[in-house]
Amino acid sequence: MAGRCRRFLQECSGACGDLGTFIPHVIGAMTVAGLAPAGVLFGFAVFLIATGLFYGLPMPVQPMKAVSAVILTDGLRPGEVTAAGMILGVVLLTLGATGAMGRFARLIPQSVSVGLQLGLGLLMGALGIRLIFETPLLGFGSLGVLFLLMRVPHCPAAPITLGLAAVAGWMSNSAGLPREIGLTWSIPQLVIPTWPEVWHSFEIAVLPQLSLTVTNAVIVTASLAREFFPARAAIASERNLAISSGLANVLLSPFGAMPMCHGAGGLQAQYRFGARTGLAPIIFGSVLLMLAIGFANNAASLFAIIPIGAVGALLILAGTDLAVSRRLFDARPSCWPVIGVTALLTLIINPALGLILGWIAELIRAAIVRSLYRGPKISN
């Protein structure tokens with residue numbers, strides 16, 4: 001009984017691990033861009049619960065970051081957000097169902113995959129530092145508490161840290177409880193995009209997002225799953241990750257869901273904070289489902305209880321783990337320049353360019369190594 005309770009608390013802790021990605025993007029979409037909270041939360045809830053049941057792993061569900069950035073900066077209308085999700089869903093379904101995604105993933109060299117993982121981890125850490133400095137006292141305090149609790153065996157470090165940060169924020173007036181919380185039943189509304197909205201979303205949202213999804217949400221996530229769960233990772237193949245993301249977006253985007261995908265950073269975060277099974281996404285999804293149905297109008301203010309600096313602390317630890325992986329230290333010295341080029345381009349530009357130029361760097365490295373091993377020809 002004690003063992004089950006301990007495992008459940010660890011899954012709860014892991015379920016909090018991906019809040020660093022969820023809160024800034026999703027709350028921004030609801031408050032800044034005006035997306036309907038019921039549709040957004042319902043979409044994440046259904047996808048999370050289905051993901052936990054299907055994969056049986058702490059597989060995350062995250063907002064598609066490039067689309068989210070366009071939503072916040074260019075003010076995409078609900079119809080354009082729906083169109084972006086449906087287009088991306090159809091593309092991912094096609095790549096997964098035809099097997100093209102798996103064939104493409106098998107062509108990516110190990111050095112490039114490690115470089116992508118390093119770059120994405122550094123991106124997570126950089127975002128965490130930025131969030132910590134929004135509330136530095138609470139942020140650095142949360143980081144210290146989190147670091148200490150992670151050293152206590154079987155301790156649900158993430159929820160304890162977030163709870164303490166929320167109390168500290170309330171006491172210091174840097175975060176507070178909503179004045180009114182009322183139960184108001186909500187159901188997602190059907191959103192049908194127009195053809196002009198479809199074309200506009202394709203131009204400014206779909207094209208920038210597609211390469212990021214293929215690299216981070218599918219290829220690197222599948223690679224990380226094989227590293228963490230070698231006996232169970234066959235189900236988390238590139239093909240299945242593409243199909244599940246595609247199905248979720250095709251089915252849920254018409255009801256107001258944000259474009260969603262899996263993600264290597266989220267998998268790393270949930271694993272880092274204790275999750276080992278599909279129960280973690282099911283727990284998070286169940287909480288979001290209750291919010292979507294009964295408290296959608298108060299969702300943004302409820303999430304605002306958690307100081308953003310504490311969320312940044314979660315990101316820093318998870319990003320460090322993602323960047324400093326076992327595969328990085330196992331790499332041959334001749335692969336280090338390729339890993340560095342891929343990681344740097346991923347960090348300062350985007351993963352797609354990191355993938356392409358890292359691939360080219362690996363071809364050059366392999367040619368140099370072959371020429372050195374062959375050695376100079378000796379003439380008679």
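The values are calculated or read from the model by the stated rules, or taken from the named source; none is laboratory data. Remember, it's a predicted structure, so these values are computed and weren't measured experimentally. Note that we place each Cβ from the backbone using ideal geometry, even for glycine, and neighbour counts take in every protein chain shown. Accessible surface is based on the protein model in full, side chains and every heavy atom, while ligands, DNA and RNA are left aside. Shrake-Rupley method; radii C 1.70, N 1.55, O 1.52, S 1.80 Å.
Find the Cα radius of gyration of region 48-175, compare it with 2.2 N^0.38 Å by division, and give the number to two decimals. Don't jump to the answer; show the numbers that get you there.
Numbers: Rg = 19.6 Å, N = 128, 2.2 N^0.38 = 13.9 Å.
Scaled against compact globular proteins, the figure is 1.41.
Using the Karplus curve 6.51 cos²θ - 1.76 cosθ + 1.60 with θ = phi - 60°, what ³J(HN,Hα) values do you get for each residue of region 305-313, in whole Hz, with x for Gly and Pro?
Per residue, the Karplus-derived 3J(HN,Hα) values read 4, 7, x, 5, x, 5, 5, x, 4 Hz.
What is the magnitude of the charge dipole of region 300-374 about its Cα centre, with +1 placed on the Cβ of each Lys and Arg, -1 on the Cβ of each Asp and Glu, and no other charges, expressed in debye to the nearest 20?
Values: 6 positive and 3 negative charges, 80 e Å.
That gives a dipole near 380 debye.
From the backbone phi of region 45-60, what are the Karplus-calculated ³J(HN,Hα) couplings (6.51 cos²θ - 1.76 cosθ + 1.60, θ = phi - 60°) in whole Hz, Gly and Pro given as x?
Going residue by residue, I get 4, 5, 5, 5, 5, 4, 5, x, 5, 6, 7, x, 10, x, 7, x Hz, with x marking Gly and Pro.
What whole-number distance in Å separates the alpha-carbon centres of region 195-268 and region 101-150?
Taking the Cα centre of region 101-150 as reference, the centre of region 195-268 is 18 Å away.
When the Kirkwood radius is taken over all Cα pairs of region 265-368, what Stokes-Einstein diffusion coefficient follows at 20 °C and 1.002 mPa s, in µm²/s?
Details: Rh = 17.0 Å.
Answer from the Stokes-Einstein relation: 126 µm²/s.
Rounded, prolate or oblate: pick one for region 147-299, where a ≥ b ≥ c are the square roots of the eigenvalues of its C-alpha gyration tensor, a/c under 1.5 means rounded, and failing that, prolate if a/b is larger than b/c, else oblate.
Values: a/c = 2.04, a/b = 1.11, b/c = 1.84.
Here region 147-299 falls in the oblate category.
Tell me the per residue accessible area of region 177-273 using a 1.4 Å probe; a whole number in Å² is fine. List each step's numbers first, then the result.
Values: 4330 Å² over 97 residues.
Each residue of region 177-273 exposes 45 Å² on average to a 1.4 Å probe.
What is the ratio of the Cα radius of gyration of the chain to 2.2 N^0.38 Å, with N the residue count, to two decimals?
Numbers: Rg = 21.2 Å, N = 380, 2.2 N^0.38 = 21.0 Å.
That works out to 1.01 for the chain.
Using θ = phi - 60° and the Karplus form 6.51 cos²θ - 1.76 cosθ + 1.60, what ³J(HN,Hα) does each residue of region 10-18 get, whole Hz, x for Gly and Pro?
Karplus values, whole Hz, x for Gly and Pro: 5, 5, 4, 4, x, 4, 7, x, 9.
Under the rule of at least 5 residues apart or a separate chain, name every residue whose amide H is placed under 5 Å from the amide H of C261.
Correct list: Q62, M64.
Output the relative contact order of region 74-183, whole-number percent, from Cα pairs under 8 angstrom with separation of 6+ residues. Let's see the in-between values first.
Numbers: 28 pairs, mean separation 13.0, N = 110.
For region 74-183, the relative contact order is 12 percent.
If you wrap region 246-306's Cα atoms in a convex hull and average its projection over all directions, what's the area in nm²?
Details: hull surface 21.1 nm².
Spelled out: convex hull of the Cα atoms, projected over all directions, averaged, 5.3 nm².
Compute the Cα gyration tensor for region 109-153, then decide on rounded, prolate or oblate, letting a ≥ b ≥ c be the square roots of its eigenvalues: rounded whenever a/c is under 1.5, prolate when a/b is larger than b/c in the other cases, and oblate in all that remain.
Working: a/c = 7.16, a/b = 1.68, b/c = 4.26.
The shape class here is oblate.
Taking the Cα centre as origin and putting +1 on Lys and Arg beta-carbons and -1 on Asp and Glu beta-carbons, what dipole magnitude results for the chain, to the nearest 20 debye? Let's see the in-between values first.
Working: 22 positive and 13 negative charges, 281 e Å.
I would put it at about 1360 debye.
Using the charge dipole of region 157-259 (Lys, Arg: +1 at Cβ; Asp, Glu: -1 at Cβ; taken about the Cα centre), state which of G169, A236, P196 has its Cα farthest towards the positive end.
Going by the Cα projections, it comes out as A236.
Report relative contact order for the chain in percent, whole number only (criteria: Cα-Cα under 8 Å, sequence separation at least 6).
Details: 694 pairs, mean separation 149.0, N = 380.
Value for the chain: 39 percent.
Once a ≥ b ≥ c are taken as the square roots of the eigenvalues of the Cα gyration tensor of region 1-52, is the result rounded (a/c under 1.5), prolate (a/b larger than b/c) or oblate (a/b not larger than b/c)? The partial results should precede the final answer.
Working: a/c = 3.92, a/b = 2.25, b/c = 1.74.
In terms of gyration-tensor shape, prolate.
Quick one: net charge of G309's neighbours, Cβ under 12 Å, K/R +1, D/E -1?
On the way: positive: R130; negative: E134.
Overall, the nearby charge balance is 0.
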